[in-house]
Amino acid sequence: MNKKVLIASLMLTVVTGAFAQNPAARQRYAEDSKRASVRYNDDKKLCADASTSSARMQCLRDARAEYNAALAQAKQNMNKPLPVPAAARVEPICPECGKVVAVEMAEKEGEGGALGVIAGGVAGALLGNQVGGGTGRDLATIAGAAGGALAGHKIEQKVKTTKIWNVTVVFEGGNKQTYSFEHDPGMMSGDLVRSNGNSIARR
């Protein structure tokens, strides 16, 4: 059997086997072959414009060689896996990954301690003690002490008021959570973050 015929038969067998195993290979090979054929026809038209017959023959030989190489490449491409379309790819969910959806600054009222109550009570009692006399003075002293204690407690709370930053995050799993920071975390809506213990950090 002629060597070229044998090689052609083997290549045909490979191509047929690939078609049988993978229907998508047929379409890929057909598309690649069509592109190679269009390119070959265009090259032959260019060769026809060559100035001499020898140049024209050389051009045709080169065009044929490129066509054969393109067909060989098309056959190799049949065995390569087809790329998965972007829409078909499913990215795994990252439960600890999320996106910042809101950042709000607020004031956190401080805790009133015994110091404010005592100081306010003493000041209120002194003021109440200066009102009236006898039983009235005693009642005024008690009322002044109670009112002063309450006022002292409120004043201490206001003095200890601090600013906080509330950062709301929606995680990939659908969970929504708000984190509070005593200092500006430097985050804004749209930032990608990751859960980090009881807090969050940028990704």
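Every number in this text was worked out from the coordinates using simple rules, so none of it is lab data. Just so we're clear, the structure is a prediction, and the values are computed from it rather than from any experiment. Every residue, glycine as well, gets a Cβ built from its backbone with ideal geometry; the counts of neighbours run over all protein chains shown.
With θ taken as phi - 60° and the Karplus curve 6.51 cos²θ - 1.76 cosθ + 1.60 applied, the whole-hertz 3J(HN,Hα) list for the range 169-184 is 10, 10, 8, 4, x, x, 6, 10, 8, 10, 10, 10, 10, 7, 10, 4 Hz, x standing for glycine and proline. Taking the average, over residues, of other Cβ atoms within 10 Å as the packing measure, peptides 59-71, 174-186 rank 59-71, 174-186 from highest down. Annotation: amide H of Val193 within the under-5 Å range of Gly98, Lys99, Val100, Arg203, sequence separation 5 or more or interchain, hydrogens built in the peptide plane. Close amide H pairs (under 5 Å, H built 1.01 Å from N) link Lys108 with Thr162, Lys163, Ile164, residues at least 5 positions away or on another chain.
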